[in-house]
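These notes concern the structure reproduced below.
The values are calculated or read from the model by the stated rules, or taken from the named source; none is laboratory data. If you're wondering where the values come from, they're calculated on a predicted model, not measured in any experiment. Using ideal geometry, Cβ is built from the backbone for each residue, glycine included, and neighbour counts are taken over all protein chains shown.
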Amino acid sequence: MSRKAGNPKTANIIDWACTVLTVASFLAYILVIAFWPDLFRQPIAQGTLVSIGIASGVLLSVFLVALAGLYAWLRNRSERE
């Protein structure tokens, strides 16, 4: 079976886009923790124990897992073309 390689330019764009999104997400999260820790201490709603920091950490994790799945799907699709 011969398999033709995907477009290297498309693969490079996908790689860099996902890398920038991942690094920017982590950097933003860490900068908020470093410079505005009181923001993450606040509860989501009155009377709840869940803080904005916990919720944003969970959302960041979900976003990065989804981004990894999107990356794998896009790279596999670009290699088939």
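Going through I44, I52, I14, I33 one at a time, which residue ends up being touching a Gly at 6+ places or on another chain (Cβ under 9 Å) and of a type outside the set (D, E)? Lay out the reasoning, then the answer.
Details: I44 fails: touching a Gly at 6+ places or on another chain (Cβ under 9 Å); I52 fails: touching a Gly at 6+ places or on another chain (Cβ under 9 Å); I14 fails: touching a Gly at 6+ places or on another chain (Cβ under 9 Å).
I33 is the lone residue from the list that is touching a Gly at 6+ places or on another chain (Cβ under 9 Å) and of a type outside the set (D, E).
Checking the structure you have, find out if any residue of the range 39-46 is assigned to a helix (DSSP H, G or I), surrounded by 12 or more Cβ atoms within 10 Å (Cβ to Cβ) and of a type in the set (D, E, K, R). Can you show your working first?
Let us first name the residues in the range 39-46 that are assigned to a helix (DSSP H, G or I), namely 39-41.
Those left that are additionally surrounded by 12 or more Cβ atoms within 10 Å (Cβ to Cβ): 39-40.
Filter once more, so that each one left must be of a type in the set (D, E, K, R): none.
No.
State which residue is farthest from T19 (Cα to Cα) when the search covers only the range 47-68 and only residues that are surrounded by 12 or more Cβ atoms within 10 Å (Cβ to Cβ) and of a type in the set (A, V, I, L, M).
Restricting attention to the range 47-68, the residues satisfying the condition of being surrounded by 12 or more Cβ atoms within 10 Å (Cβ to Cβ) are 51-57, 59-60, 63-64, 67-68.
Filter again for of a type in the set (A, V, I, L, M), leaving 52, 54-55, 59-60, 64, 67-68.
Details: I52: 25, I54: 24, A55: 23, L59: 18, L60: 15, L64: 11, L67: 10, A68: 10 Å.
Taking the candidates together, the pick is I52.
Taking the stated definitions as given, is I13 surrounded by 12 or more Cβ atoms within 10 Å (Cβ to Cβ), among the hydrophobic types (A, V, I, L, M, F, W, C) and touching a strand residue (DSSP E or B) at 6+ places or on another chain (Cβ under 8 Å)?
Details: surrounded by 12 or more Cβ atoms within 10 Å (Cβ to Cβ): yes; among the hydrophobic types (A, V, I, L, M, F, W, C): yes; touching a strand residue (DSSP E or B) at 6+ places or on another chain (Cβ under 8 Å): no.
So I13 fails the test.
Quick check on Y71: is it surrounded by 14 or more Cβ atoms within 10 Å (Cβ to Cβ) and under 30 Å from N7 (Cβ atoms)? Walk me through it before giving the result.
On the way: surrounded by 14 or more Cβ atoms within 10 Å (Cβ to Cβ): yes; under 30 Å from N7 (Cβ atoms): yes.
Taking the combined requirement at face value, the residue satisfies it.
Among the residues of the range 60-70, is there at least one that is more than 30 Å from I13 (Cβ to Cβ) and either at pLDDT 95 or above or out of contact with any strand residue (DSSP E or B) (no Cβ under 6 Å at 6 or more places or on another chain) (or both)?
no
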